[in-house]
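Okay, structure first, notes after.
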Amino acid sequence: MEENMENIFTGKTVEEATAEGLKALGITADEAEIEVLEEGKRKLFGSVKAKVKVVKKATDSERAANFIDGLMGILNITAVTEVVSDGEKIEIKIETTNTSAVIGRRGEVLDAIQCLAGAVANIGRDEYRRVSVDCENYRAQREEKLKNVAIAKAAKAVEKKRRVALEPMSPYERRVVHSVLASNEEVTTVSEGKEPTRRVVIIPKNEVPFERKEKFNRGGRQFNRDKRDDRGEKKYGERKFNRDRRDGDRRDRGDRSSRPPRSSA
């Protein structure tokens, strides 16, 4: 098989061949990936030149974008990946006609792609760089919707004087809600639960504690304990009154059971 000679450089030694490659590409050794293909050595009749392959290292954003391209190929999704920003935060945009397959329900697929791309981009790094992956402006539209929901739910919490729990969200979406309501002086927000069902809870500052009355079941019917006590005392009093009245009636009539037996003639 014929060897691809692209980025292949030769020299009397490995160092010489490497220097030639770095000069040709206009990069430093730190910016290059160097692969030694042949060690230079002397022979009885002549010598063998050293041979190295020198390529420029892919940037963090390029590694992430290349990974997404490969992932789209595995998923059989026709898409074009573009690095929009390569600053403090890497921003990558995916353009495709099959947006539902890339975004998924509530952005679950897009979030998974972003998580994996972030891991690839940060290979070998000491400080983590955030990676944002978007498709057809989904992030901005979802963020706007979350802001409206957060404001509406906060107003409901204040009106009802009760806590309001939102639907489970990703860490990014929870940060959006916390940020929107941070300036609201009538409520505070906390995150509760464990992933993937962790959610934001809106707590109004005028919250009224919920009071529960102690109840019990009797014969399939439910009663308040205080009513039961009143009824019990009433029934007990009625039973005692009725018993006293019956005893009085017996005394007035004369209870046959208390008379001595008649003697037989």
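General observations
- Residue that is nearest to Ser191 (Cα to Cα), among those in the stretch 149-171 that are open to solvent by 90 Å² or more (accessible area, probe 1.4 Å) and in a helix (DSSP H, G or I): Ile151
- Selection from the stretch 30-73 of residues that are in contact with an Asp or Glu (Cβ under 9 Å, 6 or more places away or on another chain), within 30 Å of Leu116 (Cβ to Cβ) and open to solvent by less than 60 Å² (accessible area, probe 1.4 Å): Val54, Val55, Ala58, Thr59, Asp60, Ser61, Ala65
- The number of residues in the stretch 92-135 that are open to solvent by less than 90 Å² (accessible area, probe 1.4 Å) and under 11 Å from Asp60 (Cα atoms) comes to 9.
- The one condition in (1) part of a helix (DSSP H, G or I); (2) surrounded by 15 or more Cβ atoms within 10 Å (Cβ to Cβ); (3) out of contact with any Leu (no Cβ under 8 Å at 6 or more places or on another chain) that Ile27 fails to fulfil: (1)
- Within the option set Ala150, Ala155, Ala117, Ala165, being at pLDDT 95 or above and over 20 Å from the mean Cα position of the chain (by Cα) holds for one residue only, Ala155.
- Members of the stretch 129-180 found to be hydroxyl-bearing (Ser, Thr, Tyr) and out of contact with any strand residue (DSSP E or B) (no Cβ under 6 Å at 6 or more places or on another chain), listed by number: Tyr138, Ser170, Tyr172, Ser179
- Pairing each residue of the stretch 145-169 that is over 20 Å from Pro196 (Cα atoms) with any residue that is part of a helix (DSSP H, G or I) and open to solvent by 30 Å² or more (accessible area, probe 1.4 Å), provided the two are 6+ apart or on different chains, yields C-beta distances under 8 Å for Lys147/Val180; Ile151/Val180.
- Residue within the stretch 88-98 that is part of a helix (DSSP H, G or I) and not aromatic (Phe, Trp, Tyr) present: no
The values are calculated or read from the model by the stated rules, or taken from the named source; none is laboratory data. Quick caveat: nothing in here was measured; it's all calculated off a predicted structure. All Cβ positions, glycine included, derive from the backbone under ideal geometry; neighbour counts span all protein chains shown. The accessibility values were calculated without ligands, DNA or RNA, using every heavy atom of the protein model including side chains. Shrake-Rupley method; radii C 1.70, N 1.55, O 1.52, S 1.80 Å.
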